[in-house]
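Take a look at the structure set out below.
Every number in this text was worked out from the coordinates using simple rules, so none of it is lab data. None of these values were measured; they are calculated from a predicted model. Note that each Cβ is placed from the backbone with ideal geometry, even for glycine, and that neighbours are counted across all protein chains shown.
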Amino acid sequence: MVRGDGGRLYEDFREKGVAAIGWADLGEKVTKGMTRKQVTEQFAQLHPSLARGQVVSGASQVWRFINDMSVGDDVITYSPANRTYLVGKISGESAYRPEWAEQDMAVARPVAWEHEVERDALSDQAKNSLGSTLTVFLVPALATSELLAAALGQPMQNSAATDPLEEEVPDALADVQTLAVERIKDIVSGLGWSEMQELVAGILRAMGYKTQVSPAGADRGKDIVASPDGFGFENPRIVVEVKHRTGQMGSSAIRSFLGGRHKDDRGLYVSTGGFSKDAFYEADRAAVPLTLWTLDNVVRTLIEHYDATDSETKRLVPLKRMYWPA
């Protein structure tokens, strides 16, 4: 697994045909054949203020990317926004790319990306094993077999085997938080369309708005109307469209939604299948202020406002608070 800045670089990896990591200052000094100890010493010199555990973890990931990964190895990356995994094969050695340093892609390897797999295609056990916050880590055997089977359209075999990660996670709480968010996404993804509509309305109510939810059937481009007064007379009047598990929304869907809006409207378009780059561009240039929410946005906003949600919203996604030593 090579995570691209928490999933932000997913499309860059696909378009450029690479997998890449940051660590520009270290990547410039590390060459193939260096031992893990030598890389760790270089990292410690460059970042003397870091704790030893952070130095070891960071150096191990750079060393693995440059020395341990080999041409022909299977590799994946993940998009939290779209909840999809890109699956491919490493096709060349690592190279230092200073022109990509500002994008956190200073050290890159060419990859032939071949397949895209929905996270929902995996078992719960495989999903949970892929929750590490490490940028580079060895994918457990169970998740590997399920990902490759899903990519090739083959049936998946049940297995109880799990593999521990080789490196220690420098911040265990961060790993727990990442896993928690992904598991909440799994729950929300499993909701029906009407439940998803009610969840979005519940989040908006927790944020201080009153909502009108359209009944099933033709809604003329508005599933929910949120406003301070509940009628849509008082500004801001937020018109919401909800698309659940229908794949990425493109620019044409955004233009269609915007076509029915009044000049004083505010738009919120929710797509749990994510959005294309063109859709984000279309939203940015729209005359009507428009926000796009992926499943990741929905879940993170739900977590932020969960204490203020009503009982019906909590029933849709029941969560409990966990305390952890600071």
> Out of 63, 107, 301, whose Cα points farthest toward the positive end of the dipole of the chain (charges: +1 Lys, Arg; -1 Asp, Glu; placed on Cβ)?
Replying inline: 301
> Taking the Cα centre of each part, how many Å lie between the stretch 279-326 and the stretch 240-272?
Replying inline: 17
> What ³J(HN,Hα) values, in whole Hz, does the Karplus curve 6.51 cos²θ - 1.76 cosθ + 1.60 give for the stretch 137-145 when θ = phi - 60°, with x put for Gly and Pro?
Replying inline: 8, 7, 6, x, 4, 4, 5, 4, 5
>> How high is the relative contact order of the stretch 5-170? Use alpha-carbon pairs under 8 Å, at least six apart in sequence, and give a whole percent.
In response: 24
>> Suppose each label sits 7 Å from its Cα in the direction of the beta carbon; what would the residue 263-residue 207 distance come out to in nanometres?
In response: 2.5
> Going by how many other beta carbons lie within 10 Å of each one, how would you line up 99, 234, 282, fewest first?
Replying inline: 99, 234, 282
> Can you list the lysines whose alpha carbon sits under 28 Å from that of residue 263, skipping same-chain ones fewer than 8 residues off?
Replying inline: 210, 222, 243, 277
>> I need the phi-derived Karplus couplings for the stretch 280-285: 6.51 cos²θ - 1.76 cosθ + 1.60, θ = phi - 60°, integer Hz, Gly and Pro marked x.
In response: 5, 5, 4, 5, 5, 9
> Among the lysines, which fall within straight-line cross-link reach of residue 32, defined as a Cα-Cα distance under 20 Å, with same-chain neighbours fewer than 8 residues apart omitted?
Replying inline: 89
>> To the nearest 20 Debye, how big is the dipole of the chain about its Cα centre, given +1 on the beta carbon of each Lys and Arg and -1 on that of each Asp and Glu?
In response: 400
> What number, in percent, do you get for the relative contact order of the stretch 193-316 if the mean sequence gap of Cα pairs under 8 Å and at least 6 apart is divided by its residue count?
Replying inline: 24
> Measuring from centroid to centroid over Cα atoms, what is the spacing of the stretch 104-144 and the stretch 1-34 in Å?
Replying inline: 14
> Non-local amide H neighbours of residue 18 (under 5 Å, H modeled in plane, Pro and chain starts lacking H): which ones?
Replying inline: 111
> Assuming R0 = 35 Å, what is the FRET efficiency of residue 149 and residue 8, from their Cβ-Cβ distance, to the nearest 0.05?
Replying inline: 0.80
> Can you sort 204, 152, 46 so the residue with the fewest Cβ neighbours within 10 Å comes first?
Replying inline: 152, 46, 204
>> Which one, 326, 92, 232, projects farthest toward the positive side of the charge dipole computed for the chain from Cβ point charges (K/R +1, D/E -1)?
In response: 232
> Taking θ as phi - 60°, what are the ³J(HN,Hα) couplings along the stretch 95-101 by the Karplus curve (6.51, -1.76, 1.60), each to the nearest whole Hz, with x for Gly and Pro?
Replying inline: 9, 7, 10, x, 5, 9, 4
> What list do you get for 320, 29, 37 if you sort them by fewest beta carbons within 10 Å?
Replying inline: 320, 37, 29
>> If I take every Cα pair under 8 Å that is 6 or more residues apart in the chain, average their sequence separation and divide by the length, what percent do I get for the relative contact order?
In response: 14
